[in-house]
Amino acid sequence: MFADIDGAELFAALDALDRELEGVLPDALETSTNMIAAMARETRTFQDRSGTLRESIQPAPIAGSWRAGDLHQEVAAGQPYGIFLEEGTVSHRVEPRHRKALRWAVEGGYGFSRGHVVSGIAPKRFLADALDAHTETMGRVFEQAVGLAAQRAGF
């Protein structure tokens, strides 16, 4: 049993699928990253008294393209200290950079130090946990997007 395949027709069909994927995959990516960002903002693994860290967790703009092979989008905490909460820190020494002593508020006044060791921070993993929690859902979102592209391309 042999199949007769028209190369030009096959190439045209695959090209149509490629064009459709270029259109639907960025939407699927945006849907997925919005889910991850929303879950990371809702997590309670870290204390955010002002709300600025939670508000800063956003997807970046989509970059690249399907056809170029570099379609991607990042979800990040925009506050500079977010990475330290996500990944944690090791125990380390702090010293004043611009003054003779460090100062911080304590009950009844201030505490001072010319330098001291601070304990590390355990990783809070709010971004990684959100990604892990949505891996299956993201797979379904992309599966639906590819199915839609194939349907539109006539497969």
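The values are calculated or read from the model by the stated rules, or taken from the named source; none is laboratory data. All values reported here derive from a predicted model rather than from experimental measurement. Positions of Cβ are generated from backbone atoms using ideal geometry, with glycine treated the same way; all protein chains shown enter the neighbour counts.
Some observations on this one:
- Verdict on A76 being aliphatic (A, V, I, L, M), crowded, with 16+ Cβ neighbours inside 10 Å, on the phi < 0 side of the Ramachandran plot and outside any helix (DSSP H, G or I): yes
- Restricted to segment 30-54, and to residues there that are touching an Asp or Glu at 6+ places or on another chain (Cβ under 9 Å) and assigned to a helix (DSSP H, G or I), the residue that is surrounded by the fewest Cβ atoms within 10 Å (Cβ to Cβ) is R54.
- Pairs, first without any contact (Cβ under 8 Å) to a residue 60 or more places away in the chain and farther than 15 Å from P26 by Cα in segment 137-155, second of a type in the set (D, E, K, R) and part of a helix (DSSP H, G or I), C-beta under 8 Å, six or more apart: none
- Cβ-Cβ distances below 6 Å connect no pair with a first residue in segment 41-58 that is under 16 Å from D129 (Cα atoms), a second residue that is modelled with pLDDT under 95 and β-branched (V, I, T), and a separation of six or more residues or different chains.
- Top-ranked residue of segment 114-136 - restricted to ones that are assigned to a loop (DSSP other than H, G, I, E, B) and either small (G, A, S) or in contact with a strand residue (DSSP E or B) (Cβ under 9 Å, 6 or more places away or on another chain) (or both), ranked as nearest to L29 (Cα to Cα): A122
- Whichever residue in segment 83-101 is of a type in the set (D, E) and either in a loop (DSSP other than H, G, I, E, B) or touching a helix residue (DSSP H, G or I) at 6+ places or on another chain (Cβ under 6 Å) (or both) and, among such residues, is farthest from G120 (Cα to Cα): E95
- Test: residue in segment 133-145 that is exposed (fewer than 10 other Cβ atoms within 10 Å of the Cβ) and either farther than 14 Å from I36 by Cβ or among the basic types (K, R) (or both): no
- Restricting attention to segment 61-79, the residues being more than 18 Å from H134 (Cα to Cα), under 13 Å from the mean Cα position of the chain (by Cα) and touching a residue at least 24 places away in the same chain (Cβ under 8 Å) number 1.
Condition check ((1) exposed (fewer than 13 other Cβ atoms within 10 Å of the Cβ); (2) free of Cβ contacts under 8 Å to residues at least 60 places away in the same chain; (3) of a type in the set (D, E)) across all residues:
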{"position": "E9", "(1), (2), (3)": "yes, yes, yes"}
{"position": "A13", "(1), (2), (3)": "no, no, no"}
{"position": "E20", "(1), (2), (3)": "no, no, yes"}
{"position": "A28", "(1), (2), (3)": "no, no, no"}
